[in-house]
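Read through the structure below, which is laid out as structure tokens, and then see the notes.
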Amino acid sequence: MFNFKDLIYPSGVGAMTQCGQDAHLFVQIPCINNASEIRWRNTIGLMIACLGVFIYLFAFLYIEYMRQVQENKFIDWDVSTITAADYTVEFEISHEMFSTFKNKFYDITNPISEIE
């Protein structure tokens, strides 16, 4: 059976005998906290987590708010800068359509030809 006492006090087959002079021993002992300390740590951890969620939600809502404000400002700018191009329609016409227009409706003496 293995005995930890042989690792700590190398008197025989212990750490010094098996590993030589470079042997090191690391012993970790767990802390024992009482119930009130554990409750306090859990409460603090919960508060930190809730604060992180609050910061995230605040930042997210602020960014979304600013995006919507900028979108509304763009629409306001677009409406206030209406040009003729906003109401212009372009389409292709054939040579036959142009000839019909020229023969029927185009008046060289009138700068604004009217449809008969």
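The values are calculated or read from the model by the stated rules, or taken from the named source; none is laboratory data. Worth saying up front: this structure is predicted, and the values here are computed from it rather than measured. Methodologically, a virtual Cβ is constructed for each residue, glycine included, from the backbone with ideal geometry; neighbour enumeration extends over all protein chains shown.
Take the conditions in a loop (DSSP other than H, G, I, E, B), loosely packed, with under 10 Cβ neighbours inside 10 Å and modelled with pLDDT of 85 or more and apply them to Glu114. Does it pass? If you could, list the steps in order and put the result at the bottom.
Values: in a loop (DSSP other than H, G, I, E, B): yes; loosely packed, with under 10 Cβ neighbours inside 10 Å: yes; modelled with pLDDT of 85 or more: no.
For Glu114, the condition - in a loop (DSSP other than H, G, I, E, B), loosely packed, with under 10 Cβ neighbours inside 10 Å and modelled with pLDDT of 85 or more - is not met.
So that you can scan it fast, the table gives a plain yes or no per residue for (1) part of a helix (DSSP H, G or I); (2) surrounded by fewer than 10 Cβ atoms within 10 Å (Cβ to Cβ); (3) in contact with a strand residue (DSSP E or B) (Cβ under 6 Å, 6 or more places away or on another chain); (4) not aliphatic (A, V, I, L, M):
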position	(1), (2), (3), (4)
Ser36	yes, yes, no, yes
Arg39	yes, no, no, yes
Ile44	yes, no, no, no
Met47	yes, no, no, no
Phe58	yes, no, no, yes
Val69	yes, no, no, no
Phe74	yes, no, no, yes
Trp77	yes, yes, no, yes
Asp86	yes, yes, no, yes
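Only one of the listed residues (Glu64, Glu96, Glu92) is surrounded by fewer than 10 Cβ atoms within 10 Å (Cβ to Cβ), assigned to a helix (DSSP H, G or I) and modelled with pLDDT of 90 or more. That residue is Glu96. State whether one or more residues within the stretch 80-88 are modelled with pLDDT of 85 or more and either aromatic (Phe, Trp, Tyr) or at negative phi (or both). Yes; the residues of the stretch 80-88 include at least one that is modelled with pLDDT of 85 or more and either aromatic (Phe, Trp, Tyr) or at negative phi (or both).
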